[in-house]
Number of protein chains: 8
Amino acid sequence: MADGTWDVYLSGEIHSDWRQRIEEGAREAGLPVSFSAPVTDHAASDDAGTGTLGEESDSFWRDHMGAGVNAIRTQTLIRNSDVVVVRFGDKYRQWNAAFDAGFAAALGKPVVTLHDGDLDHALKEVDRAALATAREPDQVVDVLRYVIEGELPG
Amino acid sequence: MADGTWDVYLSGEIHSDWRQRIEEGAREAGLPVSFSAPVTDHAASDDAGTGTLGEESDSFWRDHMGAGVNAIRTQTLIRNSDVVVVRFGDKYRQWNAAFDAGFAAALGKPVVTLHDGDLDHALKEVDRAALATAREPDQVVDVLRYVIEGELPG
Amino acid sequence: MADGTWDVYLSGEIHSDWRQRIEEGAREAGLPVSFSAPVTDHAASDDAGTGTLGEESDSFWRDHMGAGVNAIRTQTLIRNSDVVVVRFGDKYRQWNAAFDAGFAAALGKPVVTLHDGDLDHALKEVDRAALATAREPDQVVDVLRYVIEGELPG
Amino acid sequence: MADGTWDVYLSGEIHSDWRQRIEEGAREAGLPVSFSAPVTDHAASDDAGTGTLGEESDSFWRDHMGAGVNAIRTQTLIRNSDVVVVRFGDKYRQWNAAFDAGFAAALGKPVVTLHDGDLDHALKEVDRAALATAREPDQVVDVLRYVIEGELPG
Amino acid sequence: MADGTWDVYLSGEIHSDWRQRIEEGAREAGLPVSFSAPVTDHAASDDAGTGTLGEESDSFWRDHMGAGVNAIRTQTLIRNSDVVVVRFGDKYRQWNAAFDAGFAAALGKPVVTLHDGDLDHALKEVDRAALATAREPDQVVDVLRYVIEGELPG
Amino acid sequence: MADGTWDVYLSGEIHSDWRQRIEEGAREAGLPVSFSAPVTDHAASDDAGTGTLGEESDSFWRDHMGAGVNAIRTQTLIRNSDVVVVRFGDKYRQWNAAFDAGFAAALGKPVVTLHDGDLDHALKEVDRAALATAREPDQVVDVLRYVIEGELPG
Amino acid sequence: MADGTWDVYLSGEIHSDWRQRIEEGAREAGLPVSFSAPVTDHAASDDAGTGTLGEESDSFWRDHMGAGVNAIRTQTLIRNSDVVVVRFGDKYRQWNAAFDAGFAAALGKPVVTLHDGDLDHALKEVDRAALATAREPDQVVDVLRYVIEGELPG
Amino acid sequence: MADGTWDVYLSGEIHSDWRQRIEEGAREAGLPVSFSAPVTDHAASDDAGTGTLGEESDSFWRDHMGAGVNAIRTQTLIRNSDVVVVRFGDKYRQWNAAFDAGFAAALGKPVVTLHDGDLDHALKEVDRAALATAREPDQVVDVLRYVIEGELPG
């Protein structure tokens, strides 16, 4: 946090527009927030290693290289954040989102989870480590507005 | 602390004007201080969870949700602060104030307590963990001026 | 934790037999637990400073000395513990209990609170920072047995 | 680690016999290892909250209570461990396993992952944070034997 | 450190002009350094407690109050610093200077000591924990210039 | 990291132009990066102690003084960095580069190594602790661009 | 602390029998305490470097070597201790005692100071960082007995 | 450290008998020391990955797997140690030894280096971070005896 601007990291699902909705909502609300996120271009993210460090034919090591390069970004931004929002969608396993939640929790960062109710039971450990569980991006904006400005919606 | 501005968190009682008095005193003294605090609107604070995340009929969980949302604010601001001032009044139990003092102390933050003498015995453990105990908001301003500018009153 | 024995610190109220009930329950259940606590003899605790370091006529400083000596014990035992149980009763302000809870939470220690339902609203911040809230000492024993042995009652 | 005995935490899947296979392998190899794990009785784990702290009709909060009680165990054992092994199976989402991996990684604990090759891409971030990725429980035993005794199989 | 400006804390002796000499030297060298220090007005420092928090007749507690208020300043500035310079003169016992050196060392802050050769034997433990021992303020400026700009004098 | 500018420390070899190539590449790419490095003037670095603190005839202690002064710079900049790049060349032993890598790794800083393939076996422990291993300075620029901007080359 | 035995480090003055008096008092009281201390043989301590690592003709470096070897002992024992007692006598400057107090305080160790009243003003910063200030070794024993056993003298 | 036994990690060169000489010397001196080390069988160490986790044809990744498995051992033992001794010989590059020294230094572990004088200049940064530099294994034993027993040789 510098000059009262909150650094909020948006972890997790990259196949819906939840980040944009939170960012737009925060902008409309005039909140002093600086958002960051993993690289959300799926193809680029998968090529993060080979696209920067050179070819690799073995799929395990290709992923390993890519995950290393992505981790430079994600670990740095999580360590630098004030709040970590973690979104779980209904597709894919999203283990990296849960990993980020655990990483953030161990660092003492406040975690907010965002997911539908049908994932509740599967996410109970992650939700327990979070300080809030939201269903909709607008609720995350409401939480941020309250947390930063002290104002409730409506 | 950025550019020599001290971040001071004002924890505790929300039913008197002690925060305004400290903030006004610091402004009059021209101190480079940035104040922060929990949400001091009692009703809003109680509705922090249901007002942002949705209804909850059970009072325990309603409080639980609200306390979680409030904790995003308070823990972040305490971790970001240079000095934590904790005020205890004569009403209510104010366990959150004592909790904040313990939290701040364990993080190595300098704590200043502010309360009347008739609470001394009940607050002896908290006062012992503090680096100063003041009786009046003006004394807190005097402490801040001395700490930041090196000048004593008068 | 040494040799599989869990160190559990029992913080808070000193005017009822809740510690004995937990200790007896754990013993009956054969749990590998080592309990510790603040000095629970109220008179001795109040005289901890003057009784060891010499007379002091001013009540504020007498309390200050006593709280310092008590803090050598409590901070060391909390730092050394695996789990911190914090009991709030209906008498006295018990700010030291809430302070211990904040101190433990900031250190990443699992906290269990123990109190009646009529204190729920006043304790919502402390309960939120805890991983469990119990109403009866027996429930704390049940939690410890589950946590250590993986067995539920009955 | 006490007296040269390594504390190894076995996180993740609870529906196959991988823990027993590792424990048996370590015993046969005579390794000085003390294993710990979450409660692996699925029903007990789900009832951890209501079975100890009392009834709760709302499923979200029932899970929340249970996850809190389970977290007392898991966080304590992970903090106390020297090595964390995390197993991912082909069923269920196992977000708690990934959460544990992130939690352990942020604490600087060496992580070993254990899963089939068809999960490689989905687990690439978790595997990258690990110091070894095994396919079979026997390989974990081989890693532990090498790490502790310096001996390779065969 | 913000925007490449180094925060340097100048601890210790308050009866000679060594701080001014270092600050002037740094200014002349155009170094991006922001200096901080304890309150160097001896009388004000001794009255830090009673001058802000109220009268106290007992000398031990008067000092205790003053030291507490001064510690709010010194601990905050040391924690916020990049380099800690500690000056020992030939008068007074200056235990607070040695205390600051130990405090800074335990926090991993680079320490530079500044004293005459006749204090070498008495200061050997402090000098060992330092990364440089200077005899003259100009040498401290030379060290800072080298450390920040990479340039040696002459 | 302040205002979104990443602090990147460039450790290691000082006899080729790899730092300039990375800095130029980052500038051309318009990356918000602030680079820092040890003093790369070999003669000045060797004289860091005697050039600032006075003569020393014994070579071991002359090096000791110099290494202390250099460490004020390097440890401060590494602690302040977001990413540490460590370059190993084919000449000299460069133990300080490996030391920096270990120091950074223990602090949880993301490390990127940069070296030719013929050093792979000798550097396997260092490379394992890194999140990326590059062969050419341009690849480090590519990694930084991806990490900061999310864009892959070409 | 292992098996309930408290590790107490006795820092400071080596020219009177205060350590023996505390150790005897603790033994007579049957306290579960394990004491440690710096090497108190003044001549051996001064020769710690040259006596183990070889000759050194320059007095500054001879002290430097000795202080380094002594620091291996003192820093390890302080980090391993539960309580640090620091004794200041009326002779010598004892800067290492104040350094130890600062080092211990920054690590969050409870500090007890032991000195005569005529040193109060000079030691006010150190005493403020301590949780108790004793005048006589017997009082330190009384503090330890209270802290460990909960019993006051007489 | 448990029960007064010091944990000493012996890092670095694996091609001479320096570890045995230190271990024998410590045994003859009757020192309460528990030694640990990396796997010193060069062939086993190189096969640590493929020997436990399965074949890998690419030499970079084979080393990567091996270094990961070895790091489980070395990082755990270094974190668990009280003192880290790092030996540099005249053969090989031994970057892992320098890495271990940096890792240990950042964790606040006392480091002792052991090497011939002709490596002094190349090792100046590592030696500066160490608390003692020895030439012969016997000197390391002498340091350990002094550090633990307070006795100088002869």
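The values are calculated or read from the model by the stated rules, or taken from the named source; none is laboratory data. Just so you know, these numbers come straight off a predicted model, no measurement behind them. FYI the Cβ positions are ideal-geometry reconstructions off the backbone, even for glycines, and counts take in every protein chain you see. In case anyone asks, the SASA skips ligands and DNA or RNA and just uses the protein heavy atoms, side chains included. Shrake-Rupley method; radii C 1.70, N 1.55, O 1.52, S 1.80 Å.
For the reader, a short list of remarks on this structure follows.
- Here is the figure for region G:97-121: residues that are free of Cβ contacts under 8 Å to residues at least 24 places away in the same chain and of a type in the set (S, T, N, Q) total 0.
- Yes/no for C:V69 being under 27 Å from G:V143 (Cα atoms) and touching a Gly at 6+ places or on another chain (Cβ under 8 Å): yes
- Note on region C:109-122: residues that are open to solvent by less than 20 Å² (accessible area, probe 1.4 Å) and either closer than 24 Å to C:F35 by Cα or within 15 Å of the chain's Cα centre (by Cα) (or both) amount to 6.
- Region B:4-28, residues that are touching a Ser or Thr at 6+ places or on another chain (Cβ under 8 Å) and of a type outside the set (S, T, Y): B:G4, B:W6, B:D7, B:V8, B:L10, B:I14, B:R19
- Any chance C:A2 is surrounded by fewer than 18 Cβ atoms within 10 Å (Cβ to Cβ), among the small types (G, A, S) and within 9 Å of another protein chain (Cβ to nearest Cβ): yes
- Among all residues of region B:59-73, there is none that is in contact (Cβ under 8 Å) with a residue 40 or more places away in the chain and within 10 Å of chain C (Cβ to nearest Cβ).
- Test: residue in region B:60-71 that is of a type outside the set (A, V, I, L, M, F, W, C) and at pLDDT below 95: no
- Some residue of region E:90-98 being at pLDDT 95 or above and among the acidic types (D, E): no
- Qualifying residue in region B:115-126 (condition: part of a loop (DSSP other than H, G, I, E, B) and more than 7 Å from every other protein chain (Cβ to nearest Cβ)): yes
- Residue within region H:79-88 that is more than 15 Å from the chain's Cα centre (by Cα) and either in contact (Cβ under 8 Å) with a residue 24 or more places away in the chain or within 25 Å of F:Q94 (Cβ to Cβ) (or both) present: no
- Any chance A:A134 is within 17 Å of the chain's Cα centre (by Cα), in contact (Cβ under 8 Å) with a residue 12 or more places away in the chain and facing chain D (nearest Cβ under 7 Å): no
- Residue tally, condition facing another protein chain (nearest Cβ under 7 Å) and either under 17 Å from A:F99 (Cβ atoms) or crowded, with 24+ Cβ neighbours inside 10 Å (or both), over region D:77-88: 1
- Considering A:R145, A:R135, the condition of being charged (D, E, K, R), within 23 Å of D:D63 (Cα to Cα) and open to solvent by 10 Å² or more (accessible area, probe 1.4 Å) is satisfied by A:R135 alone.
- Matching residues in region H:59-75 - criterion: being open to solvent by 10 Å² or more (accessible area, probe 1.4 Å) and β-branched (V, I, T): H:T74
- Scanning region D:99-114 for residues that are within 15 Å of D:L10 (Cα to Cα) and not in a helix (DSSP H, G or I) gives D:K109, D:P110, D:V111, D:V112, D:T113, D:L114.
- Just one of the listed residues (F:E13, F:E56, F:E23) is open to solvent by 20 Å² or more (accessible area, probe 1.4 Å), over 22 Å from F:H115 (Cβ atoms) and more than 9 Å from chain E (Cβ to nearest Cβ), and it is F:E56.
- Scanning region C:89-108 for residues that are crowded, with 24+ Cβ neighbours inside 10 Å, within 24 Å of D:A71 (Cβ to Cβ) and either of a type in the set (D, E, K, R) or more than 7 Å from chain B (Cβ to nearest Cβ) (or both) gives C:A97, C:D100, C:A104.
- For region F:32-43, the count of residues that are open to solvent by less than 10 Å² (accessible area, probe 1.4 Å) and either modelled with pLDDT of 95 or more or more than 30 Å from E:A130 (Cβ to Cβ) (or both) is zero.
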